[in-house]
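The values are calculated or read from the model by the stated rules, or taken from the named source; none is laboratory data. Just so you know, these numbers come straight off a predicted model, no measurement behind them. Note that we place each Cβ from the backbone using ideal geometry, even for glycine, and neighbour counts take in every protein chain shown.
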Amino acid sequence: MKALFSAIALTTLVAAAASATQPGSTALPTGYRGTLTFAREGPGFPGPSLIVDYDLQSRTSATRFDGIDPFRASTGETAFLARLEPWHFGDHGVVVADAGGVTAAPLYVCEDFNFNSNAICRTPKLSPDRLHVAFAARRGGGNVCYEIGEDYPAYGDYVIVHDRTGSEIASFEGYYHPEWLPDGRLLMLGSSCRGAGVWIADSTSGTPTRIDGNQVGVPGSFPTVSPDGTRLAFVWNRQLWMLTLDGRQQLTQLTQLTDEVQSAAWSPDGTALALLRSSGSWPLEAITLFRPGDPRSVVMHPLDFLPYGPITWR
């Protein structure tokens with residue numbers, strides 16, 4: 001494992017890039033184009049509540065949905081958690097909207113959801129064939145990785161897969177943060193009871209297989225697979241790491257920042273990454289773009305709102 005750039009170098013470069021690329025500048029490194037989709041804070045809600053598209057060329061954002069945790073597919077369809085009730089604690093639904101913004105009925109309801117204290121569903125992802133949605137959820141019924149509470153039995157973490165009619169077709173106990181590979185296999189991160197790690201299920205009915213060589217010993221979050229399916233970037237120990245998916249199991253630290261990495265997304269051509277960062281308590285009002293291995297490629301886009309991951313780049 002090696003760091004691709006030091007904390008001092010990256011922090012200095014980010015600061016320099018921010019001062020050199022204030023709004024109004026038209027200079028963009030080749031490849032830094034497209035649309036980022038993520039959540040932001042909304043009026044009257046602590047934490048994220050609105051989903052926005054951010055255009056890298058115009059540096060403008062447009063609100064698309066009332067919800068959080070968006071995943072925008074290359075087709076323009078967006079899976080996300082939609083607020084179903086107008087309260088801080090209220091039901092949210094796992095939904096998919098078409099490219100025109102028309103949202104279908106919920107595939108799964110997350111009861112009494114609250115982003116800060118009862119985030120019982122997270123990160124819905126639409127499969128490459130657009131037939132399934134995988135998402136993370138906490139619910140009862142566990143028999144391997146669970147907690148016993150006063151008001152609920154065998155409560156644990158799951159990755160759940162539904163078809164587009166809302167029928168459950170698979171459930172993986174002890175995992176979270178799903179991510180589809182381009183070939184249709186399902187990648188997920190292990191919880192503590194699975195010994196953490198990175199896992200892949202060859203089909204929605206298969207048993208997950210660990211593929212990180214037991215290197216990832218504590219749970220990670222927010223995985224994002226490169227468009228060619230050969231590299232996984234994910235947040236681990238508050239920084240961004242990369243694991244090769246070609247059988248070599250090469251684990252590389254991509255950032256050493258003084259602040260924390262919140263989430264990341266690969267560019268459509270797989271050469272660059274977009275980062276959302278946080279101070280620990282709150283997101284930083286900026287988007288960081290860079291190419292792994294090239295400190296000179298770092299560019300930061302200042303924002304006038306708080307961005308929340310996950311993030312996708314199309």
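Listed here are the residues, each with its yes/no results for (1) out of contact with any Asp or Glu (no Cβ under 8 Å at 6 or more places or on another chain); (2) at pLDDT 95 or above; (3) of a type in the set (A, V, I, L, M); (4) more than 22 Å from Arg33 (Cβ to Cβ).
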residue: Asn214; (1), (2), (3), (4): yes, yes, no, yes
residue: Val261; (1), (2), (3), (4): yes, yes, yes, yes
residue: Thr288; (1), (2), (3), (4): yes, yes, no, no
residue: Asp294; (1), (2), (3), (4): yes, no, no, no
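Filter region 162-184 down to the residues that are of a type in the set (A, V, I, L, M, F, W, C) and surrounded by fewer than 21 Cβ atoms within 10 Å (Cβ to Cβ), then identify the one that is farthest from the chain's Cα centre (by Cα). Out of the qualifying residues, it is Ile169.
Among the residues of region 34-47, write down those that are at pLDDT 95 or above and either of a type outside the set (Phe, Trp, Tyr) or surrounded by fewer than 21 Cβ atoms within 10 Å (Cβ to Cβ) (or both). Of everything in region 34-47, those that are at pLDDT 95 or above and either of a type outside the set (Phe, Trp, Tyr) or surrounded by fewer than 21 Cβ atoms within 10 Å (Cβ to Cβ) (or both) turn out to be Gly34, Thr35, Leu36, Thr37, Ala39, Arg40. Per the listing Pro302, Pro295, the residue uniquely of a type outside the set (Phe, Trp, Tyr), touching a strand residue (DSSP E or B) at 6+ places or on another chain (Cβ under 6 Å), farther than 20 Å from Pro223 by Cβ and surrounded by fewer than 16 Cβ atoms within 10 Å (Cβ to Cβ) is Pro302.
So that you can scan it fast, the table gives a plain yes or no per residue for (1) under 26 Å from Ile120 (Cβ atoms); (2) surrounded by fewer than 19 Cβ atoms within 10 Å (Cβ to Cβ):
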site	(1), (2)
Asp212	no, no
Val218	yes, yes
Asp228	no, yes
Thr244	no, yes
Gln262	yes, no
Trp266	no, no
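A count restricted to region 234-292 and to residues that are out of contact with any helix residue (DSSP H, G or I) (no Cβ under 9 Å at 6 or more places or on another chain) and either assigned to a loop (DSSP other than H, G, I, E, B) or small (Gly, Ala, Ser) (or both) stands at 27. Number of residues in region 78-111 that are of a type outside the set (A, V, I, L, M) and surrounded by fewer than 19 Cβ atoms within 10 Å (Cβ to Cβ) equals 13.
Exactly one residue out of Gly101, Gly93, Gly76 is under 28 Å from Arg33 (Cα atoms) and within 18 Å of the chain's Cα centre (by Cα): that is Gly76.
Look through region 293-307, keep the residues that are part of a strand (DSSP E or B) and over 17 Å from Tyr54 (Cβ atoms), and return whichever of them is farthest from the chain's Cα centre (by Cα). That would be Arg296.
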